[in-house]
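Report on the structure given below.
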Amino acid sequence: MLSEGDDQQDPIADAARGILDGHIVLSRELAEAGHYPAIDIERSVSRVMTSVASSEHIEAARRFRQLHARHNKARDLIQLGAYSAGHDHDLDTAVRLNEPMTALLQQGMHQSAALGDSVQQLRDVIGS
């Protein structure tokens, strides 16, 4: 399903999200920053992943999303220089891994990626 605009409260899109097996949310902010594909992983959902992926893959993806969200929530503090390492282990890990996590989420238009290779890269990035 493709919905126009950034309105996540559109009643038709909301109803469709409720019955689909998942949805990918594209972010205008990511696209404007040159991050392609501009997939907002915090707002995107797969309801079938637990049925088709291994438990190791699911756990690695969960941890990746957790660290990614932790970094995004602290982005303003980090940019202002108010973040100092040593007070929050998860945030320290998210800051340290931000660059490789961002690189993993980006892909060139003509670049292909095999699922097995992507899962291994995911595990390598988060260290599992």
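Numbers at a glance
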{"quantity": "Karplus-derived 3J(HN,Hα), 6.51/-1.76/1.60, for each residue of the range 98-106, Hz, glycine and proline x", "calculated": "4, 4, x, 5, 5, 4, 5, 7, 9"}
{"quantity": "Selected from PRO37, PRO100, PRO11 as most flexible by GNM, with the chain as the system and alpha-carbon contacts under 10 Å", "calculated": "PRO11"}
{"quantity": "Accessible surface of the chain, 1.4 Å probe, proportion on carbon and sulfur as whole %", "calculated": "53"}
{"quantity": "Within the chain: Cβ-based charge dipole about Cα centre, in debye rounded to nearest 20 (Lys, Arg +1; Asp, Glu -1)", "calculated": "320"}
{"quantity": "Nonlocal amide H pairs with TYR36, under 5 Å, H built at 1.01 Å", "calculated": "GLN107"}
{"quantity": "Rounded to whole Hz, the Karplus (6.51, -1.76, 1.60) HN-Hα couplings of the range 79-87, x for glycine and proline", "calculated": "5, 7, x, 7, 7, 9, 5, x, 9"}
{"quantity": "Accessible area (Å², per residue) of the chain, counting only protein heavy atoms and a probe of 1.4 Å", "calculated": "70"}
{"quantity": "Highest-MSF residue in the chain out of ILE19, ILE58, ILE78 [GNM, Cα springs under 10 Å]", "calculated": "ILE19"}
{"quantity": "Rounded if a/c under 1.5, otherwise prolate or oblate - the range 42-87, Cα gyration tensor axes", "calculated": "oblate"}
{"quantity": "Gyration tensor over alpha-carbon atoms, the range 28-128, equivalent ellipsoid semi-axes in Å", "calculated": "24, 18, 13"}
{"quantity": "Using a Förster distance of 22 Å, the FRET efficiency for GLN107-ALA85 (Cβ separation, nearest 0.05)", "calculated": "0.15"}
{"quantity": "The chain: most fluctuating residue of GLN107, GLN66, GLN79 per GNM, C-alpha cutoff 10 Å", "calculated": "GLN79"}
{"quantity": "Degrees, to the nearest 10: 55-73 long Cα axis against longest axis of the chain", "calculated": "70"}
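The values are calculated or read from the model by the stated rules, or taken from the named source; none is laboratory data. Predicted model only: the values in this text are computed from it and were never measured. Please note: Cβ atoms are built from the backbone with ideal geometry, for glycine as well, and neighbour counts cover all protein chains shown. Surface areas here come from the heavy atoms of the whole protein model, side chains and all, with no ligands, DNA or RNA. Shrake-Rupley method; radii C 1.70, N 1.55, O 1.52, S 1.80 Å.
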